[in-house]
Amino acid sequence: MARLTETDKALNEAAITAAMDRILAGDLPPGNRADLKTLAAAAGVTRTGFYPKKNRDGTPRPGPYQHLAEEFERRLQDLRAAGEIVDPRDAQIDRLKKQVAELKRRITARDEQLAELTEFKALAVSRLAAQHAEIEQLREAVASNARVRSLPNVATHIAPYGSCS
């Protein structure tokens, strides 16, 4: 692989800087994210230039554009810290996380309300059963006691002394 000349490196750095400014301004190509892969594609350089390399003896050396990658990451973090979301996917993820949290809160509230209503239903049914048992007991007591008589049912509703008009 051919080595980069200083002129080519300067042209590539200028292209990377311009692409970085576009991406951080929110001008992302469709379907891409605010990351090094998109930066490399937008600048027309290979992504490997953003990462450290190794010399033949195994010692590390910085990649030709590693300082620009670090600047890109720093500027992206600064924007995120300021509350700006460059990547529309990140904005969608944040919106969906908030929506999930709200739905979880609503489900918890509904579960609590359902538990209260279930407890109330059980209490109401037990009270109705106790009242029914008491009524049955009183009916049996009335039926077994011979001295208690039932009053006759009068079908007509006539006033005993005439009308009041």
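Summary table below
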| quantity | calculated |
| --- | --- |
| Environment charge at VAL100 (Cβ cut-off 13 Å; Lys +1, Arg +1, Asp -1, Glu -1) | +4 |
| Derived scalar couplings ³J(HN,Hα) [segment 3-15; Karplus, 6.51 cos²θ - 1.76 cosθ + 1.60; whole Hz; x for Gly, Pro] | 7, 6, 7, 4, 5, 5, 5, 5, 5, 5, 5, 5, 5 |
| The chain - mean residue ellipticity at 222 nm from DSSP helices (-39,500 (n - 2.57) per run, n ≥ 4, rounded to 500) | -21500 deg cm²/dmol |
| Whole-number D in µm² s⁻¹ for segment 6-86, Kirkwood Cα-pair radius fed into Stokes-Einstein, 4 °C, 1.567 mPa s | 97 µm²/s |
| GNM flexibility winner over the chain from ASN55, ASN153, ASN145 (Cα, springs under 10 Å) | ASN153 |
| Sequence-distant lysines (8 or more away, or on other chains) whose Cα lies within less than 23 Å of LYS9 | LYS37, LYS53, LYS54 |
| For LYS53, residues with placed amide H under 5 Å, excluding near neighbours | ARG61, GLY63 |
| Charge dipole of the chain about the Cα centre (unit charges at C-beta), most positive-ward option of GLY49, GLN131, PRO30 | GLN131 |
| At R0 = 25 Å, FRET efficiency that the Cβ-Cβ distance of ARG3 and LYS37 yields, to 0.05 | 0.55 |
| Rh by Kirkwood over Cα pairs, then Stokes-Einstein D for segment 88-144 at 0.890 mPa s and 25 °C, µm²/s | 159 µm²/s |
| Label assignment, mean projected area of the Cα convex hull in nm² derived from the structure, set (1) 28.4; (2) 10.2; (3) 12.2 | (1) |
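Only the coordinates and a few stated rules stand behind these numbers; no lab work does. Since the model is a prediction, treat every value here as computed from it, not as a measurement. Note: ideal-geometry Cβ built from the backbone for every residue, glycine included; neighbour counts use all protein chains shown.
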